[in-house]
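Working notes for the structure below.
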Amino acid sequence: MASALVVNVLDLLRRPGAKKAVTVVAKADVFDFADSRINIGSDVEIDIELESSVSGLVASGGAQVAWASMCRRCLRPVEGVADGEIDEVFARGMPARPVAAASEHTSLETETEPIVGDQIDFTLLVREAVLLAVPDAPLCRTDCPGLCPQCGADRASTTCSCVVETRDPRWAALDALRGQLDDTVE
Ligand SMILES: [Zn+2]
Ligand SMILES: [Zn+2]
């Protein structure tokens with residue numbers, strides 16, 4: 001089955017200056033995200049513009065998908081839309097890599113992806129862009145007070161009576177030992 005994410009670019013390559021819009025809505029399972037934050041039934045909306053030049057094709061645009069996760073402080077469900085950015089250069093034949101390719105980070109922008117069989121498959125590109133855009137440790141709101149470290153109460157909705165004291169961590173081991181001793185005495 002031909003995927004809408006595989007685009008034939010022969011026409012574009014023949015006409016430098018020509019543009020082509022690639023607008024695709026694909027199911028998330030196509031990308032095999034293997035990420036619990038993205039529901040595999042979600043739609044991924046892809047909007048890429050391809051522009052032909054004498055040296056190859058420039059692909060720029062974005063891919064959006066809904067994500068769902070937990071607030072890193074209070075564990076409430078949080079959701080949003082990941083907006084992955086796509087910005088890539090493709091060329092026919094061997095990828096033109098700079099000589100100083102050893103320094104990975106500086107060479108990234110000048111790297112060119114090869115065009116194989118006059119086609120570009122955007123699947124992996126979209127996958128990477130989306131995964132980069134999903135937040136690793138989101139917050140339900142920027143000033144989320146989180147949970148009480150002692151009783152676990154949600155400070156956004158309750159006020160617990162815990163006394164916030166900073167104990168010397170060296171006593172923690174002794175406290176644990178004391179707990180065990182109490183258990184054996186009973
Ligand atoms: Zn929160
Ligand atoms: Zn508390």
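Every number here is computed from the coordinates shown, using simple stated rules; none is lab data. On a predicted model such as this, the values are computed, not experimentally measured, just so you know. All Cβ positions, glycine included, derive from the backbone under ideal geometry; neighbour counts span all protein chains shown.
Of the residues S69, V7, I86, the one whose Cα sits farthest towards the positive end of the charge dipole of the range 6-133 is S69 (charges of +1 on Lys and Arg Cβ, -1 on Asp and Glu Cβ, taken about the Cα centre). Amide hydrogen proximity for L57: with H placed 1.01 Å from N in the peptide plane, the residues at 5 or more positions away or on another chain lying under 5 Å are F90, A91.
Reported to the nearest whole Å, the Cα centre-to-centre distance from the range 106-156 to the range 1-51 is 18. Peptide packing for 68-77, 143-152 was compared via the average number of neighbouring C-beta atoms within 10 Å per residue; ordered from the highest value, the list is 68-77, 143-152. Among T112, T142, a tally of other beta-carbon atoms within 10 Å of each Cβ gives an order, fewest to most, of T142, T112. In this rough spin-label picture, where each label sits 7 Å from Cα along the Cβ direction, the K19-S161 distance is 6.7 nm.
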